[in-house]
1. If you check Ser24 against the conditions, is it at pLDDT 95 or above, open to solvent by less than 50 Å² (accessible area, probe 1.4 Å), within 16 Å of the ligand (Cβ to nearest atom) and not assigned by the TED database to the domain that holds Phe276?
2. Filter region 144-166 for residues that are more than 10 Å from the ligand (Cβ to nearest atom), in contact (Cβ under 8 Å) with a residue 60 or more places away in the chain and within 18 Å of Asp262 (Cβ to Cβ) and give the result.
3. With (1) open to solvent by less than 10 Å² (accessible area, probe 1.4 Å); (2) over 15 Å from Ile46 (Cα atoms) as the list, and Phe377 as the residue in question, which single condition is left unmet?
4. So is Ile61 without any contact (Cβ under 8 Å) to a residue 12 or more places away in the chain and at negative phi or not?
5. Going by the structure shown, is Ser141 assigned to a helix (DSSP H, G or I), within 16 Å of the ligand (Cβ to nearest atom) and free of Cβ contacts under 8 Å to residues at least 60 places away in the same chain?
6. Can you name the condition, by its number, that Gly38 falls short on among (1) exposed (fewer than 13 other Cβ atoms within 10 Å of the Cβ); (2) within 29 Å of Thr133 (Cβ to Cβ); (3) in contact (Cβ under 8 Å) with a residue 12 or more places away in the chain; (4) more than 16 Å from the ligand (Cβ to nearest atom)?
7. How do the helices (runs of 4 or more DSSP H) wholly within region 243-330 filter down when requiring 2 or more residues that are out of contact with any Pro (no Cβ under 8 Å at 6 or more places or on another chain): which remain?
8. For region 318-368, how many residues are touching a residue at least 60 places away in the same chain (Cβ under 8 Å), more than 14 Å from Ile217 (Cα to Cα) and buried (at least 16 other Cβ atoms within 10 Å of the Cβ)?
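The values are calculated or read from the model by the stated rules, or taken from the named source; none is laboratory data. Keep in mind that what you see is a predicted model, and the values were worked out from it rather than measured. Cβ placement follows ideal geometry from the backbone for every residue including glycine, while neighbour counts extend to all protein chains displayed. Heads up: the accessible areas ignore ligands, DNA and RNA and are worked out on the full protein's heavy atoms, side chains in. Shrake-Rupley method; radii C 1.70, N 1.55, O 1.52, S 1.80 Å.
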Amino acid sequence: MTTTTLSEALSAARQSYASKNPNSLKAYERATESLPGGGTRSSIFIHPFPLFIERGEGSEIIDVDGHRYLDFVSDFTSGIYGKTNPVLKKAIIEGLDNGLQLGAHTLPESSLSSILCSRFPSMDLVRFANSGTEANILAISTGLHYTGRKKVVVFEGGYHGSVLSHFGEDVGDLKVPYDFVVCPYNDITGTELMIRKYAEEVGVIIVEPMIGAGGCIPGDPEFLQSLRDLSTEIGAVLIFDEVQTARLSTGGRQKILGITPDMTTVGKFFGGGFAFGAFGGKKEIMNLFDARQPNSISHGGTFNNSPLTMIAGLTAVRHILTEENLRKLNELGDSLRKNLNKVFDDEKLPFKMTGLGSINQLHYTSPTQKREGLDLFFFHLLDRGYWIAQRGLVSLNFAMTENEVKGFNDAVVEAARGVKNSL
Ligand code: PMP
């Protein structure tokens, strides 16, 4: 590389990317005619333009210019099954023969709910929805209704869905108009101070056991326990958003830590590849939805129990999201993170990986040009045939082999050296 500064190196990498991906560029330009910015999901946008993916096979994706990439995004943790899982495929095809939409109660729905309740210590009862966002809105609204209070405690860097993010920031502000109190994550004293200030008004405290989209920052067990204690003391409903962390064990991070919230939300992979969300919790809270009771809360949703989603989700929890499979996948992620951080330290490379188990994030640690450093690293990895989220998320899936993860490890080190060399 003849360029000397990070900005120059990045600009060269972008030009090279554009010249290698003419079909994606064409597809993108066409998309901008009917989709603002050419897309419909902000989190997957890539600067200067995104790759258009034609199909996936096993752990690979293939773009419209014919490049193959090993996919270490895994659809932001939800694509845990890889691209083509034979067990799921068979169940979904059989499900298709059974009727696309039935508009009635079905047996797979109660089987799936029963397994979720048996897995998550906090879930006596559960209801289904269509996304993690929706599950969180429903859980928060339920908690406020149950307590008769108005304020919702959330945390800096937290992400609970497209209309439940960017707390304390003004960007892209389409937040659901709850009365939020934004507290500092992993700061017991600061959080306690804020919560006590509004103690009698706080109806809900919602927290990710590990900040996910905000950078894979694990919650300190003492911090999460302090939220448990504080919620009990002030009479607020504590919700763990385990939409991502549910895959850290069969019962999410709550099971690992032995901390039981009042309610839990999940989503993503529990739909077996289809749109899904669920919120569950203590009997006395969830019984509000019991239609046998007078004045019960009505909670509709055409696709809440979509037969294909129920069948795919049930097949996934029965046959794929087993204790053994999850343990192996998370161990693979733990050792990847440990190995990479050791090399970063040994070679003084300006990178760090944070996370838990199979959900991790690469950070560019230099105090300046953070965005540029990570972008350049992203293009270096693409050149080597590896696909991560441009913001640094690395999420493993069951289709990956140990060798593929080892290859990724080596590619990350080379890409990090490449960034360091252009400083
Ligand atoms: N909560 C967390 C912790 C998430 O990571 C996400 C999605 N990234 C959501 C909620 C929202 O889920 P969905 O995209 O299915 O609405």
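1. Details: at pLDDT 95 or above: yes; open to solvent by less than 50 Å² (accessible area, probe 1.4 Å): yes; within 16 Å of the ligand (Cβ to nearest atom): no; not assigned by the TED database to the domain that holds Phe276: yes.
Taking the combined requirement at face value, the residue does not satisfy it.
2. Step one: filter region 144-166 for residues more than 10 Å from the ligand (Cβ to nearest atom), giving 144-157, 166.
Narrowing further to those that are in contact (Cβ under 8 Å) with a residue 60 or more places away in the chain: 144-147, 149, 153, 157.
Within region 144-166, Leu144, His145, Tyr146, Thr147, Arg149, Val153 meet the criteria.
3. Going through (1) open to solvent by less than 10 Å² (accessible area, probe 1.4 Å); (2) over 15 Å from Ile46 (Cα atoms) one by one, Phe377 breaks only (2).
4. Working: without any contact (Cβ under 8 Å) to a residue 12 or more places away in the chain: no; at negative phi: yes.
Taking the combined requirement at face value, the residue does not satisfy it.
5. On the way: assigned to a helix (DSSP H, G or I): yes; within 16 Å of the ligand (Cβ to nearest atom): yes; free of Cβ contacts under 8 Å to residues at least 60 places away in the same chain: yes.
The answer is yes for Ser141.
6. Among (1) exposed (fewer than 13 other Cβ atoms within 10 Å of the Cβ); (2) within 29 Å of Thr133 (Cβ to Cβ); (3) in contact (Cβ under 8 Å) with a residue 12 or more places away in the chain; (4) more than 16 Å from the ligand (Cβ to nearest atom), Gly38 violates only (1).
7. On the way: elements: 252-257, 283-286, 307-315.
Filter on region 243-330 gives 283-286, 307-315.
8. Within region 318-368, residues that are touching a residue at least 60 places away in the same chain (Cβ under 8 Å), more than 14 Å from Ile217 (Cα to Cα) and buried (at least 16 other Cβ atoms within 10 Å of the Cβ) number 15.
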